[in-house]
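The values are calculated or read from the model by the stated rules, or taken from the named source; none is laboratory data. Every value quoted in this text rests on a predicted model; they were computed, and no experiment measured them. Note: ideal-geometry Cβ built from the backbone for every residue, glycine included; neighbour counts use all protein chains shown. Each accessible area value is taken on the protein alone, full model and side chains, heavy atoms only, with ligands, DNA and RNA left out. Shrake-Rupley method; radii C 1.70, N 1.55, O 1.52, S 1.80 Å.
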Amino acid sequence: DRPDMVFVAKECAKGMATPKERHMTLLKRAARYLLKAPRLIWRWPRQRMPTHLDLYSDTDWAGCPVTRRSSSGIALKFGTHLWLFASTTQVPIALSSGEAEFYGAVKGASRLLGATVLTRDLGLELQCRLFSDSSVVRGVLARRGCGKIRHIETQTLWVQKATQDKKLMIGVVLGTKNPADLGTKHLEAATISRLCASMNLRVATG
């Protein structure tokens with residue numbers, strides 16, 4: 001339940017079966033951070049009923065120095081309220097940053113459409129908006145087929161049809177303001193606090 005610790009927890013979990021010295025080092029760094037920021041406060045301020053569900057997607061291409069796999073982060077927001085934050089390691093080994101960003105956007109789109117079905121069951125008709133800081137993602141989603149991209153997992157192209165059917169709206173977010181960046185790599189404490197603030201989260205002591 002702490003978006004600022006999701007990525008670290010994912011990386012530490014990789015070493016549960018065969019722990020290495022690097023996993024212990026990572027665990028120590030996480031402990032030092034928690035000593036300085038033992039609490040994370042979630043805030044849900046009063047707001048007007050939103051008309052959209054917004055999902056932010058970001059990916060760190062080949063960020064793992066051992067497997068060269070990419071890490072993806074997603075942040076699902078209902079207005080200003082954070083509903084879901086997740087960090088995952090991609091299964092395919094992407095051969096370019098654009099391919100990695102696309103896989104991250106596809107995973108985010110599936111979560112977003114699933115959340116829309118849930119809200120529809122609750123009587124809310126909401127539009128889906130997928131935000132990415134990658135121009136490649138927006139370009140791929142706007143066309144049909146792979147285009148000039150090679151070695152892409154073709155089963156992920158369903159998201160193009162969802163975009164053309166207006167089930168998904170594509171938005172732009174600056175890389176420095178993308179809250180999903182929190183789930184892709186290790187960040188400085190100041191950057192963590194800034195991204196948490198954009199999701200109505202506040203790092204606290206005591």
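Quick rundown of the values:
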| item | result |
| --- | --- |
| From Asp54, Asp1, residue being open to solvent by 70 Å² or more (accessible area, probe 1.4 Å) and either touching a residue at least 60 places away in the same chain (Cβ under 8 Å) or acidic (Asp, Glu) (or both) | Asp1 |
| Candidate set: segment 83-96, residues that are under 15 Å from the mean Cα position of the chain (by Cα) and farther than 20 Å from Lys14 by Cα; chosen: the one least open to solvent (accessible area, probe 1.4 Å) | Leu84 |
| Residues that are open to solvent by 20 Å² or more (accessible area, probe 1.4 Å) and at pLDDT 95 or above, drawn from segment 64-78 | Lys77, Phe78 |
| Every pair of residues 6+ apart whose Cβ atoms lie under 7 Å, when the first sits in segment 186-197 and is under 20 Å from Trp61 (Cβ atoms) while the second is in a helix (DSSP H, G or I) | Leu195/Pro179; Leu195/Asp181; Leu195/Leu182 |
| Sole exception among (1) out of contact with any strand residue (DSSP E or B) (no Cβ under 8 Å at 6 or more places or on another chain); (2) open to solvent by 60 Å² or more (accessible area, probe 1.4 Å); (3) in contact (Cβ under 8 Å) with a residue 12 or more places away in the chain for Pro19, by number | (3) |
| Output for segment 159-174, where each listed residue is without any contact (Cβ under 8 Å) to a residue 24 or more places away in the chain and of a type outside the set (S, T, N, Q) | Lys161, Asp165, Lys166 |
| Single match in Gly114, Gly123 (criterion: surrounded by fewer than 18 Cβ atoms within 10 Å (Cβ to Cβ), out of contact with any helix residue (DSSP H, G or I) (no Cβ under 9 Å at 6 or more places or on another chain) and farther than 26 Å from Lys10 by Cα) | Gly123 |
| Options Lys166, Lys148, Lys185; residue that is open to solvent by 60 Å² or more (accessible area, probe 1.4 Å), within 20 Å of Phe7 (Cβ to Cβ) and not in a helix (DSSP H, G or I) | Lys185 |
